[in-house]
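The values are calculated or read from the model by the stated rules, or taken from the named source; none is laboratory data. Owing to the predicted nature of the structure, the values given are computational and were not obtained by experimental measurement. Note that we place each Cβ from the backbone using ideal geometry, even for glycine, and neighbour counts take in every protein chain shown. Ligands, DNA and RNA are excluded from the accessible area calculation, which covers all protein heavy atoms including side chains. Shrake-Rupley method; radii C 1.70, N 1.55, O 1.52, S 1.80 Å.
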Amino acid sequence: MPSAALVPSRESGFADLAPRHIAVHPLTGHIGAEIEAPDLSRPLSPEVVDEIRAALLKWKVVFFRDQPLSHAEHVALASAFGAPTIGHPVFGFVEGYPQVYSIGRDRFATRHTGEPLIRPWTGWHTDVTAAVNPPAASILRGVTIPPYGGDTFWTNLAVAYDALSPTLRGFVDTLRGIHAFAPPEGQAGTADFKEKNRRRPLVSEHPLVRVIPETGERVLFVSPSFLKSITGLTPRESQQLLDLLFEHITRPEFTVRFRWRPGSIAFWDNRTTAHLAPRDIYSLDFDRQLYRITLKGDVPVGVDGRSSSLIEGEPLEAFTAGTA
Ligand code: SIN
(Lines give C-alpha, C1' and ligand atoms only; values in the text may rest on other atoms or scores of the structure.)
Protein backbone atom coordinates (compact mmCIF):
# COMPACT_ATOMS: atom_id res chain seq x y z
CA MET A 1 0.00 0.00 0.00
CA PRO A 2 1.21 3.56 -0.58
CA SER A 3 2.25 5.48 2.52
CA ALA A 4 -0.43 7.83 3.88
CA ALA A 5 1.49 10.92 2.72
CA LEU A 6 1.31 9.65 -0.84
CA VAL A 7 -2.42 9.16 -0.94
CA PRO A 8 -3.93 12.09 -2.81
CA SER A 9 -7.34 13.23 -1.68
CA ARG A 10 -10.12 15.14 -3.37
CA GLU A 11 -10.26 17.57 -0.44
CA SER A 12 -6.74 18.74 -1.15
CA GLY A 13 -7.42 18.89 -4.89
CA PHE A 14 -5.16 15.86 -5.21
CA ALA A 15 -2.20 18.18 -4.68
CA ASP A 16 -0.60 16.06 -1.95
CA LEU A 17 2.13 14.60 -4.06
CA ALA A 18 4.49 16.21 -6.53
CA PRO A 19 5.99 13.25 -8.38
CA ARG A 20 9.79 13.16 -8.47
CA HIS A 21 10.43 9.88 -10.27
CA ILE A 22 7.87 10.08 -13.07
CA ALA A 23 6.36 12.91 -15.15
CA VAL A 24 2.57 13.18 -15.27
CA HIS A 25 0.96 14.95 -18.24
CA PRO A 26 -2.81 15.38 -17.83
CA LEU A 27 -4.87 14.90 -20.98
CA THR A 28 -8.23 16.45 -20.03
CA GLY A 29 -9.72 18.43 -17.16
CA HIS A 30 -11.17 15.40 -15.41
CA ILE A 31 -9.59 12.16 -16.49
CA GLY A 32 -6.52 10.64 -18.06
CA ALA A 33 -2.82 11.42 -17.83
CA GLU A 34 0.14 10.23 -19.84
CA ILE A 35 3.03 9.16 -17.64
CA GLU A 36 6.71 9.22 -18.47
CA ALA A 37 8.17 6.45 -16.38
CA PRO A 38 11.26 4.27 -16.23
CA ASP A 39 11.32 1.06 -18.27
CA LEU A 40 8.27 -0.91 -17.10
CA SER A 41 9.80 -4.23 -18.17
CA ARG A 42 12.20 -3.95 -15.21
CA PRO A 43 11.37 -4.07 -11.50
CA LEU A 44 10.06 -0.69 -10.30
CA SER A 45 11.29 1.11 -7.20
CA PRO A 46 8.73 1.58 -4.38
CA GLU A 47 8.84 5.35 -5.08
CA VAL A 48 7.84 4.88 -8.72
CA VAL A 49 5.06 2.45 -7.73
CA ASP A 50 3.74 4.94 -5.14
CA GLU A 51 3.83 7.82 -7.61
CA ILE A 52 2.05 5.87 -10.35
CA ARG A 53 -0.54 4.75 -7.81
CA ALA A 54 -1.11 8.34 -6.71
CA ALA A 55 -1.46 9.51 -10.34
CA LEU A 56 -3.96 6.70 -10.91
CA LEU A 57 -6.08 7.73 -7.92
CA LYS A 58 -6.14 11.27 -9.20
CA TRP A 59 -6.48 10.79 -12.97
CA LYS A 60 -8.37 7.44 -12.94
CA VAL A 61 -6.63 6.15 -16.07
CA VAL A 62 -2.95 6.60 -16.87
CA PHE A 63 -1.19 5.84 -20.13
CA PHE A 64 2.37 4.84 -20.98
CA ARG A 65 3.94 4.96 -24.43
CA ASP A 66 6.69 2.87 -26.00
CA GLN A 67 6.73 0.22 -23.29
CA PRO A 68 6.54 -3.07 -25.23
CA LEU A 69 6.17 -5.89 -22.70
CA SER A 70 6.11 -9.66 -22.95
CA HIS A 71 3.31 -11.56 -21.18
CA ALA A 72 5.70 -12.36 -18.30
CA GLU A 73 6.75 -8.69 -17.96
CA HIS A 74 3.09 -7.66 -18.03
CA VAL A 75 2.38 -10.07 -15.15
CA ALA A 76 5.38 -8.72 -13.20
CA LEU A 77 4.27 -5.10 -13.75
CA ALA A 78 0.71 -5.86 -12.62
CA SER A 79 2.00 -7.73 -9.55
CA ALA A 80 3.82 -4.57 -8.40
CA PHE A 81 0.40 -2.92 -7.95
CA GLY A 82 -1.78 -5.74 -6.63
CA ALA A 83 -2.73 -9.36 -7.06
CA PRO A 84 -3.59 -10.42 -10.63
CA THR A 85 -6.76 -12.49 -10.99
CA ILE A 86 -7.37 -15.21 -13.54
CA GLY A 87 -7.40 -13.58 -17.05
CA HIS A 88 -11.20 -13.60 -17.24
CA PRO A 89 -13.51 -15.55 -14.89
CA VAL A 90 -15.93 -16.45 -17.70
CA PHE A 91 -13.95 -16.19 -20.95
CA GLY A 92 -10.60 -17.68 -19.95
CA PHE A 93 -6.98 -16.68 -20.52
CA VAL A 94 -3.92 -16.90 -22.76
CA GLU A 95 -2.37 -20.36 -22.99
CA GLY A 96 0.55 -20.54 -20.53
CA TYR A 97 -0.31 -17.19 -18.88
CA PRO A 98 -3.40 -17.69 -16.70
CA GLN A 99 -3.40 -14.04 -15.53
CA VAL A 100 -3.52 -12.64 -19.09
CA TYR A 101 -6.75 -12.14 -21.05
CA SER A 102 -6.58 -11.77 -24.83
CA ILE A 103 -8.51 -8.88 -26.33
CA GLY A 104 -8.48 -9.59 -30.04
CA ARG A 105 -10.51 -7.93 -32.71
CA ASP A 106 -12.92 -10.82 -33.08
CA ARG A 107 -13.29 -11.92 -29.49
CA PHE A 108 -17.02 -11.28 -29.57
CA ALA A 109 -17.30 -11.06 -33.36
CA THR A 110 -20.96 -11.78 -33.83
CA ARG A 111 -21.92 -9.89 -30.71
CA HIS A 112 -20.88 -6.68 -32.35
CA THR A 113 -21.19 -7.09 -36.09
CA GLY A 114 -24.21 -6.28 -38.11
CA GLU A 115 -26.47 -5.84 -35.11
CA PRO A 116 -28.07 -2.50 -34.41
CA LEU A 117 -27.03 -0.48 -31.37
CA ILE A 118 -30.11 0.13 -29.29
CA ARG A 119 -28.70 2.91 -27.13
CA PRO A 120 -25.44 4.84 -27.35
CA TRP A 121 -24.20 3.61 -23.95
CA THR A 122 -24.55 -0.06 -24.88
CA GLY A 123 -20.98 -1.30 -24.66
CA TRP A 124 -19.79 1.03 -21.89
CA HIS A 125 -18.77 -1.04 -18.88
CA THR A 126 -16.60 -1.39 -15.82
CA ASP A 127 -14.71 -4.70 -15.90
CA VAL A 128 -16.45 -7.73 -14.39
CA THR A 129 -18.92 -5.90 -12.13
CA ALA A 130 -21.05 -9.04 -12.12
CA ALA A 131 -18.52 -10.30 -9.54
CA VAL A 132 -19.06 -9.36 -5.91
CA ASN A 133 -15.51 -7.95 -5.81
CA PRO A 134 -14.92 -6.47 -9.28
CA PRO A 135 -11.27 -5.89 -10.21
CA ALA A 136 -9.64 -2.91 -8.49
CA ALA A 137 -7.72 -2.03 -11.65
CA SER A 138 -7.00 -3.24 -15.17
CA ILE A 139 -3.77 -2.97 -17.16
CA LEU A 140 -4.22 -3.23 -20.93
CA ARG A 141 -1.30 -3.34 -23.35
CA GLY A 142 -1.46 -2.78 -27.07
CA VAL A 143 0.45 -5.12 -29.41
CA THR A 144 -1.19 -4.99 -32.85
CA ILE A 145 -2.87 -1.66 -33.47
CA PRO A 146 -4.77 -0.56 -36.58
CA PRO A 147 -3.31 2.42 -38.48
CA TYR A 148 -6.53 4.26 -37.68
CA GLY A 149 -9.57 3.41 -35.62
CA GLY A 150 -9.74 1.29 -32.48
CA ASP A 151 -9.51 4.06 -29.85
CA THR A 152 -10.79 3.37 -26.33
CA PHE A 153 -12.75 5.83 -24.13
CA TRP A 154 -12.87 6.07 -20.33
CA THR A 155 -15.19 8.12 -18.13
CA ASN A 156 -14.69 9.43 -14.58
CA LEU A 157 -17.51 8.13 -12.37
CA ALA A 158 -16.54 10.30 -9.38
CA VAL A 159 -16.91 13.52 -11.36
CA ALA A 160 -20.15 12.15 -12.84
CA TYR A 161 -21.47 11.62 -9.31
CA ASP A 162 -20.49 15.15 -8.25
CA ALA A 163 -22.25 16.62 -11.30
CA LEU A 164 -25.65 15.25 -10.25
CA SER A 165 -27.97 17.56 -8.34
CA PRO A 166 -27.78 17.19 -4.54
CA THR A 167 -31.35 15.85 -4.60
CA LEU A 168 -30.58 13.09 -7.09
CA ARG A 169 -27.27 12.30 -5.32
CA GLY A 170 -29.23 11.84 -2.09
CA PHE A 171 -31.59 9.41 -3.82
CA VAL A 172 -28.98 7.32 -5.67
CA ASP A 173 -26.93 7.10 -2.44
CA THR A 174 -29.71 4.85 -1.08
CA LEU A 175 -29.99 2.49 -4.08
CA ARG A 176 -28.51 -0.86 -5.02
CA GLY A 177 -28.55 -2.67 -8.36
CA ILE A 178 -28.17 -6.12 -9.88
CA HIS A 179 -25.10 -6.71 -12.10
CA ALA A 180 -24.98 -9.79 -14.35
CA PHE A 181 -23.26 -11.03 -17.50
CA ALA A 182 -25.62 -10.95 -20.46
CA PRO A 183 -25.22 -10.06 -24.13
CA PRO A 184 -25.45 -6.33 -24.86
CA GLU A 185 -28.96 -4.98 -25.04
CA GLY A 186 -30.82 -6.02 -28.17
CA GLN A 187 -28.17 -8.63 -29.12
CA ALA A 188 -28.55 -12.37 -28.83
CA GLY A 189 -24.97 -13.38 -27.97
CA THR A 190 -23.09 -16.23 -29.61
CA ALA A 191 -23.65 -19.85 -28.60
CA ASP A 192 -20.12 -19.81 -27.13
CA PHE A 193 -20.87 -16.69 -25.07
CA LYS A 194 -24.07 -18.23 -23.76
CA GLU A 195 -22.46 -21.57 -22.95
CA LYS A 196 -19.50 -20.01 -21.07
CA ASN A 197 -21.90 -17.80 -19.20
CA ARG A 198 -24.09 -20.77 -18.27
CA ARG A 199 -21.09 -22.68 -16.94
CA ARG A 200 -19.72 -19.77 -14.88
CA PRO A 201 -22.71 -17.59 -13.91
CA LEU A 202 -21.89 -14.38 -12.04
CA VAL A 203 -24.52 -12.12 -10.48
CA SER A 204 -24.05 -9.55 -7.70
CA GLU A 205 -25.86 -6.69 -6.05
CA HIS A 206 -23.79 -3.50 -5.63
CA PRO A 207 -24.57 -0.07 -4.21
CA LEU A 208 -25.20 2.47 -6.99
CA VAL A 209 -22.77 4.74 -5.18
CA ARG A 210 -19.59 3.26 -3.71
CA VAL A 211 -17.10 4.98 -1.46
CA ILE A 212 -13.40 4.72 -2.30
CA PRO A 213 -11.49 4.00 0.92
CA GLU A 214 -8.24 5.84 0.07
CA THR A 215 -9.83 9.12 -1.05
CA GLY A 216 -13.34 9.11 0.46
CA GLU A 217 -14.67 9.83 -3.04
CA ARG A 218 -18.22 8.80 -3.88
CA VAL A 219 -18.48 7.12 -7.25
CA LEU A 220 -21.53 6.49 -9.42
CA PHE A 221 -20.87 2.76 -9.71
CA VAL A 222 -23.07 2.10 -12.74
CA SER A 223 -21.69 -0.21 -15.41
CA PRO A 224 -24.05 -0.06 -18.40
CA SER A 225 -23.28 -3.50 -19.86
CA PHE A 226 -23.70 -5.28 -16.51
CA LEU A 227 -26.14 -3.29 -14.37
CA LYS A 228 -29.54 -4.73 -15.24
CA SER A 229 -31.98 -3.33 -12.67
CA ILE A 230 -32.30 -1.23 -9.53
CA THR A 231 -33.52 -3.10 -6.49
CA GLY A 232 -36.89 -2.00 -5.11
CA LEU A 233 -38.06 -0.03 -8.14
CA THR A 234 -40.63 -1.12 -10.72
CA PRO A 235 -39.08 -2.32 -14.02
CA ARG A 236 -40.16 0.93 -15.69
CA GLU A 237 -38.79 3.16 -12.93
CA SER A 238 -35.59 1.14 -12.89
CA GLN A 239 -35.04 1.33 -16.67
CA GLN A 240 -35.77 5.03 -16.84
CA LEU A 241 -33.45 5.91 -13.98
CA LEU A 242 -30.71 3.67 -15.43
CA ASP A 243 -31.13 5.34 -18.82
CA LEU A 244 -30.73 8.74 -17.18
CA LEU A 245 -27.62 7.65 -15.25
CA PHE A 246 -26.04 5.86 -18.22
CA GLU A 247 -26.56 8.88 -20.45
CA HIS A 248 -25.13 11.07 -17.68
CA ILE A 249 -21.90 9.10 -17.08
CA THR A 250 -21.09 9.04 -20.79
CA ARG A 251 -21.22 12.84 -21.21
CA PRO A 252 -18.14 13.80 -23.25
CA GLU A 253 -16.80 16.21 -20.62
CA PHE A 254 -16.21 13.33 -18.18
CA THR A 255 -14.27 11.25 -20.74
CA VAL A 256 -10.89 10.78 -22.34
CA ARG A 257 -10.19 9.07 -25.66
CA PHE A 258 -6.96 7.15 -26.16
CA ARG A 259 -5.26 6.53 -29.48
CA TRP A 260 -3.32 3.28 -29.20
CA ARG A 261 0.14 2.55 -30.58
CA PRO A 262 2.04 -0.73 -30.34
CA GLY A 263 3.74 -0.67 -26.92
CA SER A 264 1.09 1.61 -25.35
CA ILE A 265 -0.30 0.67 -21.93
CA ALA A 266 -3.51 1.89 -20.30
CA PHE A 267 -3.82 1.36 -16.55
CA TRP A 268 -7.20 2.27 -15.05
CA ASP A 269 -8.84 2.36 -11.66
CA ASN A 270 -11.72 -0.01 -12.31
CA ARG A 271 -13.60 1.26 -9.22
CA THR A 272 -13.91 4.83 -10.47
CA THR A 273 -14.20 4.51 -14.25
CA ALA A 274 -16.20 2.89 -17.01
CA HIS A 275 -14.78 2.37 -20.49
CA LEU A 276 -15.94 1.77 -24.03
CA ALA A 277 -14.13 -0.64 -26.30
CA PRO A 278 -14.12 0.51 -29.93
CA ARG A 279 -16.75 -0.54 -32.44
CA ASP A 280 -15.33 1.10 -35.54
CA ILE A 281 -12.80 -1.75 -35.91
CA TYR A 282 -15.62 -4.06 -36.98
CA SER A 283 -16.09 -2.04 -40.13
CA LEU A 284 -12.34 -2.00 -40.86
CA ASP A 285 -10.17 -4.85 -42.10
CA PHE A 286 -7.25 -4.27 -39.71
CA ASP A 287 -6.12 -6.54 -36.94
CA ARG A 288 -6.21 -5.34 -33.33
CA GLN A 289 -4.65 -7.31 -30.49
CA LEU A 290 -4.32 -6.21 -26.88
CA TYR A 291 -3.80 -8.10 -23.62
CA ARG A 292 -5.32 -7.28 -20.25
CA ILE A 293 -4.55 -8.16 -16.65
CA THR A 294 -7.00 -7.32 -13.86
CA LEU A 295 -6.07 -6.87 -10.21
CA LYS A 296 -8.12 -8.38 -7.39
CA GLY A 297 -10.59 -5.87 -5.92
CA ASP A 298 -12.43 -5.36 -2.64
CA VAL A 299 -16.14 -5.82 -2.14
CA PRO A 300 -17.65 -2.33 -2.73
CA VAL A 301 -19.16 -0.48 0.21
CA GLY A 302 -22.01 2.00 -0.16
CA VAL A 303 -22.62 5.36 1.46
CA ASP A 304 -24.62 3.62 4.22
CA GLY A 305 -21.68 1.33 5.02
CA ARG A 306 -23.40 -1.72 3.49
CA SER A 307 -21.29 -4.03 1.31
CA SER A 308 -22.26 -5.59 -2.01
CA SER A 309 -23.74 -9.07 -1.92
CA LEU A 310 -23.06 -12.12 -4.01
CA ILE A 311 -26.09 -13.63 -5.73
CA GLU A 312 -24.47 -16.24 -8.02
CA GLY A 313 -20.91 -17.41 -8.65
CA GLU A 314 -17.72 -16.97 -6.66
CA PRO A 315 -15.66 -13.94 -5.65
CA LEU A 316 -12.72 -13.19 -7.95
CA GLU A 317 -9.60 -14.50 -6.29
CA ALA A 318 -5.97 -13.67 -6.90
CA PHE A 319 -4.55 -16.21 -9.34
CA THR A 320 -2.41 -18.86 -7.74
CA ALA A 321 -1.12 -21.98 -9.49
CA GLY A 322 -3.85 -24.60 -9.39
CA THR A 323 -6.80 -22.17 -9.52
CA ALA A 324 -7.00 -22.00 -13.36
C1 SIN B 1 -11.73 -3.78 -22.38
O2 SIN B 1 -12.95 -3.67 -22.41
O3 SIN B 1 -11.12 -4.06 -21.35
C4 SIN B 1 -10.94 -3.60 -23.67
C5 SIN B 1 -10.96 -2.24 -24.19
C6 SIN B 1 -10.49 -2.18 -25.62
O7 SIN B 1 -10.57 -3.18 -26.36
O8 SIN B 1 -10.05 -1.12 -26.02
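Data for the structure
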item	result
For a label point 7 Å along the Cα-to-beta-carbon line of Glu73, residues of segment 283-303 with backbone N under 17 Å	290-293
Electrostatic dipole magnitude of the chain [Cβ: Lys, Arg +1; Asp, Glu -1; Cα centre; debye, to 20]	420
Computed accessible area, Tyr291, all protein chains, 1.4 angstrom probe, square angstrom	40
For segment 226-242, Karplus couplings with θ = phi - 60° (6.51, -1.76, 1.60), whole Hz, Gly/Pro x	10, 7, 9, 7, 9, 5, x, 9, 5, x, 5, 4, 4, 5, 5, 5, 4
Accessible area per residue, Å², the chain with all protein chains present, probe 1.4 Å	43
Solvent exposure ordering (accessible area, 1.4 Å, most first) of Phe63, Phe81, Phe93	Phe93, Phe81, Phe63
Length released on extending from Ser41 to Ser283, taking residue separation times 0.36 nm less the Cα-Cα span	83.7 nm
Computed helical MRE - 222 nm, the chain, DSSP H runs ≥ 4 contributing -39500 (n - 2.57), nearest 500	-5500 deg cm²/dmol
Label point distance in nm, Glu312-Asp66, each placed 7 Å from Cα along Cα→Cβ	4.9
Amide H partners (placed H, <5 Å) of Asn133, local residues excluded	Leu316
Which of His88, His21 is most accessible, then next, and so on - probe 1.4 Å	His21, His88
Selection from Ile281, Val256, Val219 lying farthest towards where the dipole of segment 179-303 points positive, charges on Cβ	Ile281
Contour minus Cα-Cα distance for Asp173 and Asp151 (0.36 nm per residue)	4.7 nm
Percent of beta bridges antiparallel (DSSP, the chain, rounded to nearest 5)	95
Portion, in percent, of the accessible area of the chain that falls on carbon or sulfur, probe 1.4 Å	54
Cut-off under 5 Å, modelled amide H: who pairs with Thr152 long-range	Phe258, Trp260
Karplus-derived 3J(HN,Hα), 6.51/-1.76/1.60, for each residue of segment 255-272, Hz, glycine and proline x	10, 9, 10, 10, 8, 6, 9, x, x, 7, 10, 10, 10, 10, 7, 7, 8, 10
Accessible-area ranking of Thr320, Thr144, Thr152, Thr250, largest first, probe 1.4 Å	Thr320, Thr144, Thr250, Thr152
Long-range amide H partners of Lys228 with built H, under 5 Å	Ile178, His179, Ala180
Size of charge dipole - segment 192-324 - debye, nearest 20, with Cβ of Lys, Arg +1 and Asp, Glu -1, no other charges	260
Over segment 23-312: Rg over Rh, Cα atoms, Kirkwood Rh	0.94
In sequence order, calculated HN-Hα J values of segment 154-159 (Karplus, 6.51, -1.76, 1.60; Hz; x Gly/Pro)	10, 10, 8, 7, 6, 5
